[in-house]
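These notes are about the structure you will find just below.
The values are calculated or read from the model by the stated rules, or taken from the named source; none is laboratory data. Keep in mind that what you see is a predicted model, and the values were worked out from it rather than measured. Positions of Cβ are generated from backbone atoms using ideal geometry, with glycine treated the same way; all protein chains shown enter the neighbour counts. Quick note on the areas: whole protein, heavy atoms, side chains included, nothing else; ligands and nucleic acids left out. Shrake-Rupley method; radii C 1.70, N 1.55, O 1.52, S 1.80 Å.
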Amino acid sequence: MDNCIFCKIVNKEIPGNIAYEDDVIIAFHDLEPQAPVHVLIVPKEHIPSLYEVTFDHMEVMGWLMAKVKDIAAELGLENGYRLVCNCGEDGMQTVKHLHFHLLGKRKMQWPPG
Ligand code: 5GP
Ligand code: ZN
């Protein structure tokens, strides 16, 4: 997708600090980390947000979710972590390519702001 910053990272047109990659997903460190560990787990396919996820995406979504624990383990998050997906305007989504924030290495707060 033209002009999508995460597609550009997927396609290696701009550099990303990559933590994990396979054929389906990529995980890279957030530019403005909100925790000592903050990576974005992103399907390589351009899906704009959770709004657009359908049953056609079962394989990629299942793949992504099944990989979270492995990426977390690789990053040393054995004490736990938080997985966040911001969706739409009220959800404060700023980048319109589906992504999950994996945050860890600090105690999270609840409820989130
Ligand atoms: P959102 O607000 O859409 O849920 O999250 C977007 C995230 O992408 C933000 O945490 C922001 O810091 C991060 N981000 C935006 N542009 C870039 C970029 O070019 N590279 C990386 N690594 N992270 C980015
Ligand atoms: Zn994209």
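What about Leu77, is it assigned to a loop (DSSP other than H, G, I, E, B), at pLDDT 95 or above and over 17 Å from Lys8 (Cβ atoms)? Walk me through how you get there before you give the answer.
Values: assigned to a loop (DSSP other than H, G, I, E, B): yes; at pLDDT 95 or above: yes; over 17 Å from Lys8 (Cβ atoms): yes.
Answer is yes for this residue.
Could you tell me which of the residues Leu64, Leu103, Leu50 is in contact with a Pro (Cβ under 7 Å, 6 or more places away or on another chain) and at pLDDT 95 or above? Spell out the reasoning first.
Working: Leu103 fails: in contact with a Pro (Cβ under 7 Å, 6 or more places away or on another chain); Leu50 fails: in contact with a Pro (Cβ under 7 Å, 6 or more places away or on another chain).
Only one candidate passes the filter, namely Leu64.
Given the conditions (1) open to solvent by 80 Å² or more (accessible area, probe 1.4 Å); (2) outside any loop (DSSP other than H, G, I, E, B), which single one is not true for Lys67?
Going through the list (1) open to solvent by 80 Å² or more (accessible area, probe 1.4 Å); (2) outside any loop (DSSP other than H, G, I, E, B), Lys67 breaks only (1).
Checking Gly80 against (1) at positive phi; (2) open to solvent by 80 Å² or more (accessible area, probe 1.4 Å), which test does it fail?
Of everything listed in (1) at positive phi; (2) open to solvent by 80 Å² or more (accessible area, probe 1.4 Å), Gly80 misses just condition (2).
Give all pairs with beta carbons closer than 7 Å in which a residue from segment 100-113 that is basic (Lys, Arg) meets a residue that is outside any strand (DSSP E or B); count only pairs at least 6 apart in sequence or on separate chains.
Cβ pairs passing all conditions: Lys105/Ala35; Lys105/Pro36; Lys105/Leu77; Arg106/Ala35; Arg106/Pro36.
Can you find a residue in segment 59-68 that is within 14 Å of ligand 2 (Cβ to nearest atom), in contact (Cβ under 8 Å) with a residue 12 or more places away in the chain and closer than 21 Å to Ile5 by Cα?
Taking segment 59-68 and keeping what is within 14 Å of ligand 2 (Cβ to nearest atom), we get 60.
Within this subset, residues satisfying the condition of being in contact (Cβ under 8 Å) with a residue 12 or more places away in the chain are 60.
In the following step, the residues that additionally are closer than 21 Å to Ile5 by Cα were identified as 60.
Looking for residues that are within 14 Å of ligand 2 (Cβ to nearest atom), in contact (Cβ under 8 Å) with a residue 12 or more places away in the chain and closer than 21 Å to Ile5 by Cα, one finds at least one in segment 59-68, hence yes.
Output the residues belonging to segment 1-60 that are in a loop (DSSP other than H, G, I, E, B), open to solvent by less than 20 Å² (accessible area, probe 1.4 Å) and more than 19 Å from Tyr81 (Cα to Cα). Even if it seems obvious, please write down each step before you answer.
If we filter segment 1-60 for residues that are in a loop (DSSP other than H, G, I, E, B), which is where we start, we get 1-4, 11-17, 22-24, 30-36, 44-49, 53-54.
Then drop every residue that is not open to solvent by less than 20 Å² (accessible area, probe 1.4 Å), which leaves 4, 35, 47, 49.
If the condition is that a residue be in a loop (DSSP other than H, G, I, E, B), open to solvent by less than 20 Å² (accessible area, probe 1.4 Å) and more than 19 Å from Tyr81 (Cα to Cα), then Cys4, Ile47, Ser49 are the ones that fit.
Just give me the residues in segment 83-113 being polar (S, T, N, Q) and either surrounded by 14 or more Cβ atoms within 10 Å (Cβ to Cβ) or within 15 Å of ligand 1 (Cβ to nearest atom) (or both), in sequence order. Quick ask: steps written out before the conclusion?
Just the residues of segment 83-113 that are polar (S, T, N, Q), to begin with: 86, 93-94, 109.
The answer is Asn86, Gln93, Thr94.
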